[in-house]
1. Can G327 be described as touching a Gly at 6+ places or on another chain (Cβ under 8 Å), within 20 Å of V281 (Cβ to Cβ) and outside any helix (DSSP H, G or I)?
2. List the number of the failed condition for P256; all other conditions in (1) buried (at least 16 other Cβ atoms within 10 Å of the Cβ); (2) outside the structural domain of R395 (by TED's automatic domain parsing) hold.
3. Has the range 32-45 got at least one residue that is at pLDDT below 95 and more than 30 Å from D464 (Cβ to Cβ)?
4. Collect the residues in the range 196-219 that are more than 17 Å from the chain's Cα centre (by Cα) and farther than 20 Å from P157 by Cβ, keeping them in residue-number order.
5. How many of the residues in the range 16-51 are in a loop (DSSP other than H, G, I, E, B), over 15 Å from V88 (Cα atoms) and without any contact (Cβ under 8 Å) to a residue 60 or more places away in the chain?
6. What's the number of the condition N355 fails, among (1) touching a Leu at 6+ places or on another chain (Cβ under 9 Å); (2) within 27 Å of G398 (Cα to Cα); (3) touching a residue at least 60 places away in the same chain (Cβ under 8 Å)?
7. Please specify each residue of the range 53-86 satisfying the condition of being among the acidic types (D, E) and within 14 Å of M41 (Cα to Cα).
8. Output the residues belonging to the range 347-385 that are among the charged types (D, E, K, R) and touching a helix residue (DSSP H, G or I) at 6+ places or on another chain (Cβ under 9 Å).
Amino acid sequence: MEIVHLSAECYPIAKVGGLGDVVGALPKYQNKLGHVAKVVMPAYQTKFMQENEFEVVYDGWAKLGFHNFAVKIFREKTNKLGFDLFLVHIEGLFDRELVYGYHDDTERFLAYQIAVLDWISQWEHRPDVIHCHDHHTGLVPFMAAYCEQFRRLSQIPTVLTIHNAQYQGQFGWDKLHYIPAFDLWKTGQLDWRGSINPLATAIKCAWRVTTVSPSYLDEISFKANGLEDLLAQERSKSFGILNGIDNEVWNPQTDPMLEKNFTTRIVDAGKKANKAALCAVFNLDPEKPLFTFIGRLVGEKGADLLPEIFYNALITYSNQINILVLGSGDSQVEGRLTQLKDAFPGNYNAYIGYNEKLSHQIYAGADFLLMPSRVEPCGLNQMYALRYGTIPIVRRIGGLKDTVVDIGDGGFGVCHDQTSAWDVGHAIGRAYDLYTDAKHVKEIRKFIMQLDHSWDRAAQQYIDIYQV
């Protein structure tokens, strides 16, 4: 089976969040199952693009309304990621460093989708599945089915994976002319509540719809930023598949980014060494429990509450705990988290920004990882933490509920029900009490490192979905 994945992100080429991690791993594991999985994504001006070798496989034009854009599609020569990688360069639209955040993002991702379909239309064969990820590729199922110039693709099954239903890519009807010619009787497929909504369009038009965890599929039936009714209508073709993690990248035994590699046999010594190295860099005491947060500093992650949560915890457990933050996002939250460094030197620190290597080091060296999310379709951070013997403190929501069982229920994590300063503070207190029981902590660490959250299972589930 030949599967073409379309996505705005793919690690290590360009990653903003979990979408990049998923698309960077799922195709590799599908290939291991004997299929041919490929990734086609925009060619941002990133370090990966500059440091690797590519060959041009397509040279043409993309027509976006009244504008024509020069298009080149590059293939990475060495197959170093475990799958064929194709990068779509569109002159004037993707010759920039960032993935998102430009005033013309609608035009950028529409042109990308049109260019990809133009290219696939010229193949001598047809792929078995086109797998679209989030709203940035959401018009592909519609255009493949209804646009005249892509008629050859109309019978190719399309699958949509919703990584986060809060972001839908809506734009006004004044840009309808961007979409290649189609029967205007089909305009209703594009509409959702008065605008062209790519995510809603994909939910309507894709042959199958998946979410990144079973619980998230249930949750978006009543909380999906206005798509609740549509998702209920399309529930019969929707499936929840829990994301996996790439055990080859996230492996404490072989991870080159760590101070000391370790297995379950030497988990205490391994974590102690990594914690000592981490604390030395950030002026923290390695003898104290280390609580961490890694991620985007946005409301969905509960990040707006972190300054209050951390202040209260550092006051309550005066000089008895350490806290380390790695993340970026809301500038006000960044500022408040930075200010805490002056108030609690030696017990608190923060790195504002994105640092892949540091994230690996924190997973390996920390004792607890906080995820007080308001929305968490799947969550990968808790799975990385488990793999490295770090105990997650999570809200019972989405994929967090599917992957973490509370210690009070015979499990291995610390769970709470609300994203509130009180709930998270109480959870930190429970974690602190757990830390004082060294024998129990060691048992939990060994257990969680052996939990199987690899992509093997999920990759096969996707193959099954394609064939339903």
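1. Taking the combined requirement at face value, the residue satisfies it.
2. (1)
3. Step one: of the range 32-45, the residues at pLDDT below 95 are 45.
If we keep only those that are more than 30 Å from D464 (Cβ to Cβ) too, we end up with 45.
Yes, there is a match, as at least one residue in the range 32-45 is at pLDDT below 95 and more than 30 Å from D464 (Cβ to Cβ).
4. Hits for the range 196-219 are I196, N197, D218, E219.
5. Of the residues in the range 16-51, the ones in a loop (DSSP other than H, G, I, E, B) are 16-17, 33-35, 43-46.
Now drop any that are not over 15 Å from V88 (Cα atoms), which leaves 16-17, 33-35.
Keeping just the survivors that are without any contact (Cβ under 8 Å) to a residue 60 or more places away in the chain gives 34.
Result for the range 16-51: 1.
6. All conditions pass for N355, except number (3).
7. Within the range 53-86, the first condition is being among the acidic types (D, E), and the residues that meet it are 53, 55, 59, 76, 84.
Result: E76, D84.
8. Here is the first cut: in the range 347-385, the residues among the charged types (D, E, K, R) are 356-357, 367, 374, 376.
Once the filter is applied, which keeps residues that are among the charged types (D, E, K, R) and touching a helix residue (DSSP H, G or I) at 6+ places or on another chain (Cβ under 9 Å), the range 347-385 yields D367, R374, E376.
The values are calculated or read from the model by the stated rules, or taken from the named source; none is laboratory data. This structure is a prediction, so every number in the text was calculated from the model and none was measured. Don't worry about glycine lacking a Cβ; one is built from the backbone with ideal geometry, like all the others, and counts go over all protein chains shown.
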